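Just below is one structure, and these are the notes that go with it.
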Amino acid sequence: MNQADLEGSPERAPSQGKLAKVAQVVSVSPRTWTDDADLEAGAQDAKAKNAKGWPLLLLAYQSVGVIFGGVGTSPLYTFPNVFSRTPMADDVLGATCLMLWTLTIIMVVKYILVVMHANDDGEGGTFAMYSLLCRHANITPYGQTHHTDTNLSRYSMSVRTPRGTKVRKLGLSERWGIRLARALQHRRDLQQALLILVLAGTGMVLGDGVLTPAASVMSAMAGLRVAQPTLSNNVVVGVSCAILVCLFSVQRFGTAKIAQVFSPVLIVFLITNAVVSAYNIAAYMPGVFKCLSPRYGIQFFINNHKSGWIALGGIVLAITGSEAMFADMGHFSHRAITIATFALVYPSLLVIYLGEAAFLATHLDTYAQSYYQAIPKPIFWPMFVIATLAALVGSQSLISSAFSIIRQAGSLHCFPRVKVVHTGTSVEGQIYIPEVNWMLCLLAVAAVLGFRDVNAIGFAFGVTVVAVMLITTVLTVLVMLIVWHTHLAWIVAICGSLFFIEGVYLSSVLFKVPRGGWFPLAMAAVLLFISYVWHWGSANKLAVSQHTQHQLLESLLTLAPEGGSSSGEQPPGSLQSAATGRLVNRSPGLALYYSESLSSLPSSFIKLLRSVSSVHQANIFLTIRQVPMPSVLPSERYLVRNMSLPGFYRVICRFGYRDQVDQGPGFTKELVQKVAEYMRFKALHAKWSAADIYDEPFQLSKDQEKDGQRAGKASHLQSWPVLPHILPTMSEGIEPPQPPAVPLDDVLEVRVMYRA
């Protein structure tokens, strides 16, 4: 087989030896980069996500403590935030009616029946929906996708219609979906609007990571004043702050061990509170079930007018944390979460709210502390301990979600690089980010010290809850149109109803912006600004790099003519300068260069070649690319092909937004093994093995660009003159990118600075 035959077709790795055990290496032609997908590995992964029987029940059990900590502990603070003065019994029943129906519509209908189906290969959250939309609209945060990404096993796209098949006429919703996808693909302003919407939702979820610990812990500590009425509120505030500091201090040790008690704690909390509520129903108001009739909710607005509308800002707290059902589903499955919802969480919450309403309707003066007042005195302290532990569980789930979201945002170049510490090896997602952890701690303590009351925190809390709900609904509509091609009647019926309900709640919580709602809005605005500026800088860095890296290898180097020269006989494969014809020295070993472009050369290589007139025997131009999908199979991570001259290779390393880009010793060794295996296929340097290359000196390059301006068309949002001045300030103190792990004595760092 000649060189041309090898160049034109993909090859598989040898079936024997250590190299075959790593992952497939793909030989691709310069024209089309296609990959050899390991579909069997993808099928095995799908089987793991479709667990049945006892494994499914185990997942459902584990999901209780991780996912339902927020919504499960919401009874601690919901009723005290509904009423600002002593209510009437009918008002209690009306508010309870609205709580239960809101819980049913949002938690069950919206998330379980609709939104959780919009997952990205089992992953949930705003970034997952964004990734799903990007793939079907053929875009990335930087523009259009690379065509090789569509061949990945987990890159689910519409199946092409076989030739000869009768194609039915597209419906109205399908035509709208196709037009919308095309508009997203070709209009940069729509792409930016979608990204800003996702980043805004992310900022609101991070706001939950601040307010959930503050509200949960302070609500639990409020029980101290029920047991000791003479106790000062300053004591409650101080104890709450101390617990919060302890909670965030232990994050660095990881949740691998304490996570095992999350589910038991929350299950005990739900069951014991349901039992207490059943007692209160039987003892105080057996007829409380009548409030399930919607007429009590309607009568609530008729009787209270504006105050009833304002009370919606407290009623919405009943669904606090429900977004975690979708955001954290990647660790479990849709079916496991559904089982946990209907078997335990949803019925328990119904009984808990009904029991608290039964007590409050007959003890109207306890509205400010109805949860603890409804607990019988003989079991008060055991219930207080259980409530405190449950509050910590609810706080932990939001903190862990914040870490995960920051990592995903960083992988999409929408957040500055931060240090990510893996605290667990058996479960994916057990990470700790020091900077984010202490920032959340500072803001949570500031919220407690600033508001000093759980009701005041509730005013701020409602804004984030409703904002996340609305953004999720908007993204769901886009998924229905672009991905599912759902009939317009269903979209109008389902999402129209959700928009109406959530719009009413939004109008209520916005009324409370001056009374504390500004706090989460300010946090979300700052996070949105940081994320967008960082994305703007990353996009401009890529654009400038691609604009300046325009030289091809053939324009710099050519093969020296065989037969020798004036300086003597030259070995085969010798190189000479394309401009001067002078021979270029080839040093032994391998050099690794980072490259933003897939076609041209990095500036670091050009600068080094012109300075020392020497290249290594093997030169790798590595491009690390984020693809719009959760993760990439190990067998599909690398694409390798040779360039026009011997000893020059391009390697693409692809990561999903949930993959950890770890360029440690394992990454370096695997990368070299890929190239060595490829070289064996091409019959180049056959005497080298992977170990031989790995022992040779390395050369790393790093392009560092500052104040670059985007080449080409940019949206008006990206042309703000203030952004180039802000980005360098933000870059100060940011965790630097970690190069592949090689001995420091073998590293030569070449820096190239671009100026506007």
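The values are calculated or read from the model by the stated rules, or taken from the named source; none is laboratory data. Note that this is a predicted model, so its numbers are computed, not measured. With ideal geometry, Cβ positions are generated from the backbone for all residues, glycine too; neighbour counts draw on all protein chains shown.
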Can you pull out the residues in segment 581-618 that are among the hydroxyl-bearing types (Ser, Thr, Tyr), closer than 19 Å to residue 543 by Cβ and assigned to a loop (DSSP other than H, G, I, E, B)?
-> 595, 597, 599, 600
Yes or no: residue 310 without any contact (Cβ under 8 Å) to a residue 12 or more places away in the chain, in the same structural domain as residue 121 (by TED's automatic domain parsing) and more than 26 Å from residue 263 (Cβ to Cβ)?
-> no
Answer with yes or no whether residue 73 is touching a Gly at 6+ places or on another chain (Cβ under 6 Å) and within 25 Å of residue 262 (Cβ to Cβ).
-> yes
Does residue 496 satisfy the criteria of being part of a helix (DSSP H, G or I), under 25 Å from the mean Cα position of the chain (by Cα), small (Gly, Ala, Ser) and at negative phi?
-> no
Candidates 192, 251, 228, filtered to the one that is over 15 Å from residue 76 (Cβ atoms), under 22 Å from the mean Cα position of the chain (by Cα), at pLDDT 85 or above and not aromatic (Phe, Trp, Tyr) | 192
Do the conditions hold for residue 316, that is, is it surrounded by 17 or more Cβ atoms within 10 Å (Cβ to Cβ) and in a helix (DSSP H, G or I)?
-> yes
Search segment 625-676 for residues being modelled with pLDDT under 80 and of a type in the set (Phe, Trp, Tyr), and hand back the single one that is surrounded by the fewest Cβ atoms within 10 Å (Cβ to Cβ).
-> 667
So residue 322 fits all but one of (1) part of a helix (DSSP H, G or I); (2) closer than 29 Å to residue 338 by Cβ; what number is the exception?
-> (1)
If the Cβ limit is 6 Å and pairs must be 6+ apart or interchain, which residue in segment 271-288 that is in the same structural domain as residue 362 (by TED's automatic domain parsing) pairs with which residue that is buried (at least 19 other Cβ atoms within 10 Å of the Cβ) and of a type in the set (S, T, N, Q)?
-> 274/348
Extreme residue, nearest to residue 179 (Cα to Cα), among residues of segment 485-521 that are without any contact (Cβ under 8 Å) to a residue 40 or more places away in the chain and buried (at least 16 other Cβ atoms within 10 Å of the Cβ) | 495
Residue list for segment 229-248, restricted to those being touching a residue at least 40 places away in the same chain (Cβ under 8 Å) and out of contact with any Ser or Thr (no Cβ under 7 Å at 6 or more places or on another chain) = 233, 237, 240, 241, 243, 244, 245, 248
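May I ask you to list the residues in segment 598-610 that are within 19 Å of residue 574 (Cα to Cα) and free of Cβ contacts under 8 Å to residues at least 60 places away in the same chain?
Selection gives 606, 609, 610.
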Mind listing whichever residues of segment 54-77 are surrounded by fewer than 24 Cβ atoms within 10 Å (Cβ to Cβ) and under 15 Å from residue 271 (Cα atoms)?
-> 61
